[in-house]
Amino acid sequence: HVTLTAVWEGLIYNLILQKDDGSGENQIVRAEYDIIVSNDTITKPTRTGYVFMGYYSGKRGSGDQYYNEFLIGVKKLDTPSSLTLYAYWIGEQYTVRFDKQGGAGGTDIVIATYGSTVPFYTTPDCIEIVKKPSRAGYAFKGYYSITGGSGTLYYDSIMQQLNAWTTLGDGVIYAHWERAVYTFNFNTYAY
């Protein structure tokens with residue numbers, strides 16, 4: 001009487017690692033079904049202004065995470081087929097200082113995320129709304145990347161956000177002012 005024992009091995013499938021706007025070529029990893037994905041031959045992608053947060057089954061961090069930000073496998077391959085995974089990126093955060101150019105009051109700094117519209121709130125906790133400065137005898141026209149109302153307009157005269165922060169690092173934006181114009185009406189009376 002002989003007893004035979006079946007030995008099973010998981011099928012091998014390809015994982016295509018799509019860098020999703022990151023640099024370099026996409027990579028292909030071989031993964032065994034029902035085993036946590038391996039990181040033997042993977043190199044971390046890079047993207048200017050962004051932090052890599054891992055590989056996911058959907059774009060922009062949606063779906064299941066298969067690799068974390070350190071390229072450590074965190075999930076078993078549970079789909080019996082080849083699979084495309086997408087790099088998930090979040091923008092670096094930088095401090096943007098408001099140079100009021102002779103004005104006073106209003107917001108002093110915001111935390112801007114690279115590639116995203118400048119924030120409407122001054123802190124990551126969204127505690128204080130960004131406010132414009134004031135200056136006696138002048139009308140506020142917005143905050144620009146260069147003094148004198150030149151360069152990129154980040155905030156308009158009512159502090160609406162207009163453009164994304166695309167500077168790698170902390171920065172300064174400058175208030176632009178125009179002299180206020182007053183109109184006087186003179187009434188002349190004949191006596």
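The values are calculated or read from the model by the stated rules, or taken from the named source; none is laboratory data. Keep in mind the model is a prediction, meaning the values are calculated, not measured. Ideal geometry is used to build each Cβ from the backbone, glycine not excepted, and the neighbour counts take in all protein chains shown. Note: areas computed on protein heavy atoms with side chains; ligands, DNA, RNA excluded. Shrake-Rupley method; radii C 1.70, N 1.55, O 1.52, S 1.80 Å.
Some notes on this structure:
- 5 angstrom amide H check on residue 130, placed H, neighbours 5+ away: 121, 122
- When only Cα pairs below 8 angstrom with a gap of at least 6 residues are kept, segment 17-158 shows a relative contact order of 17 percent.
- Counted charge near residue 29, where neighbours are those whose Cβ lies closer than 15 Å (Asp, Glu -1; Lys, Arg +1): +2
- Taking a Cβ cut-off of under 10 Å around residue 103, the surrounding Lys, Arg, Asp and Glu residues balance to a net charge of +2, with basic ones at +1 and acidic ones at -1.
- Overall, the accessible surface of segment 21-173 at a probe of 1.4 angstrom is composed of carbon and sulfur to the extent of 48 percent.
- Excluding ligands, DNA and RNA, the accessible surface per residue across the chain is 63 Å² with a 1.4 Å probe.
- Stokes-Einstein diffusion for segment 7-46 at 10 °C, viscosity 1.306 mPa s, with a Kirkwood radius from C-alpha pairs, works out to 139 µm²/s.
- Semi-axis lengths, Å, the chain, gyration tensor of Cα atoms, sqrt of 5 times eigenvalues: 59, 14, 13
- Positive contributions from Lys and Arg (+1) and negative ones from Asp and Glu (-1), summed over other residues with Cβ under 13 Å from the Cβ of residue 45, come out at -1.
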